[in-house]
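Asks: Submitted below is the structure of interest, expressed as structure tokens.
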Amino acid sequence: MRYLIQLAYKGTNYHGWQKQPNVHSVQGELDSKLSTLLAEQIETVGCGRTDTGVHAKDFYAHFDVTKNIDEQFIVFKLNNFLPKDIVVYDIQKVSEGFNARFDAVWREYEYWITREPNPFLLDQSWFQNGKLNLEDMNKASALLIGKKDFECFSKVHTQVNNFICDVMHANWEIKDNKLVFTIRANRFLRNMVRAIVGTLIDVGKGKITVDEVNNILASKNRCEAGHSVPAHGLFLTRIFYPHIAQ
């Protein structure tokens, strides 16, 4: 039987989602606790991967088990056994062919920037002092919309077949005294959002013009884009599956 699990986590204490030798990961914690509760070896397959320090408000993974389970009981037990910075919201049975990674139609991220020091958001936002031109940043964000080659914003030497992503939404707005960038796409490349945010911040500071963003995209060269902003301001916020109750 295959089940889909919905969870959230604060990524500060983890080397990302994916299990790796000799490091603390969210997947490692989840697989260990599921294996103990279900009395068999469980290996989850995540909807994607988040890097060290990145947070997830909405994350999904599927796993196979040889027997039917009481979903709500397992949710309750997991939330007692897991570290408090990982929370499970739901478990539901899905078809045997369902895949948490490949069946996702789109994903959405947010990046949080604080404009004044905030001790309560130290691990969840990036503090930026000085003036930022939000209007120009949104003009540059609009240039990202559509199906484009985003190699210039990708980490080099990644194992992907192509760098084409279909960006459906990209916008900056002020929320609760934070400057929040939201971006939605069918897929994301390694380091893509953090490199985009770094480039858009350069636009906001007047280091590059709005039109230069088109030149950066056309270059397909990571060195042409801005620096990658810190991981701790990045959140995976939504995953959409067309035939799953969410």
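Asks: Taking segment 19-49 as the region of interest, how many residues are within 23 Å of Arg190 (Cα to Cα), among the polar types (S, T, N, Q) and at pLDDT 95 or above?
Replies: Selection size over segment 19-49: 3.
Asks: Residue by residue through segment 23-48, note down the ones that are assigned to a helix (DSSP H, G or I) and either small (Gly, Ala, Ser) or farther than 21 Å from Thr12 by Cα (or both).
Replies: Those that are assigned to a helix (DSSP H, G or I) and either small (Gly, Ala, Ser) or farther than 21 Å from Thr12 by Cα (or both): Gly28, Ser32, Leu34, Ser35, Thr36, Leu37, Leu38.
Asks: Given (1) touching a Phe, Trp or Tyr at 6+ places or on another chain (Cβ under 8 Å); (2) aliphatic (A, V, I, L, M); (3) surrounded by 12 or more Cβ atoms within 10 Å (Cβ to Cβ); (4) closer than 27 Å to His169 by Cβ, where does Ile86 come up short, assuming only one miss?
Replies: Exception for Ile86: condition (4).
Asks: Limited to segment 89-116, what total is found for residues that are of a type in the set (D, E, K, R) and surrounded by fewer than 19 Cβ atoms within 10 Å (Cβ to Cβ)?
Replies: 6
Asks: Return yes or no: is Val156 within 22 Å of Glu224 (Cα to Cα), hydrophobic (A, V, I, L, M, F, W, C), surrounded by fewer than 18 Cβ atoms within 10 Å (Cβ to Cβ) and touching a helix residue (DSSP H, G or I) at 6+ places or on another chain (Cβ under 8 Å)?
Replies: Yes.
Asks: Still on this model: Is it the case that Asn79 is outside the structural domain of Ile183 (by TED's automatic domain parsing) and touching a strand residue (DSSP E or B) at 6+ places or on another chain (Cβ under 6 Å)?
Replies: Answer is yes for this residue.
Asks: Of (1) among the aromatic types (Phe, Trp, Tyr); (2) part of a loop (DSSP other than H, G, I, E, B); (3) without any contact (Cβ under 8 Å) to a residue 12 or more places away in the chain, Phe73 satisfies all except one. Which?
Replies: (2)
Asks: Which of the following residues is in a loop (DSSP other than H, G, I, E, B), surrounded by 17 or more Cβ atoms within 10 Å (Cβ to Cβ) and not assigned by TED's automatic domain parsing to the domain that holds His62: Val229, Val193?
Replies: That would be Val229, the only listed residue that is in a loop (DSSP other than H, G, I, E, B), surrounded by 17 or more Cβ atoms within 10 Å (Cβ to Cβ) and not assigned by TED's automatic domain parsing to the domain that holds His62.
The values are calculated or read from the model by the stated rules, or taken from the named source; none is laboratory data. Note that this is a predicted model, so its numbers are computed, not measured. Methodologically, a virtual Cβ is constructed for each residue, glycine included, from the backbone with ideal geometry; neighbour enumeration extends over all protein chains shown.
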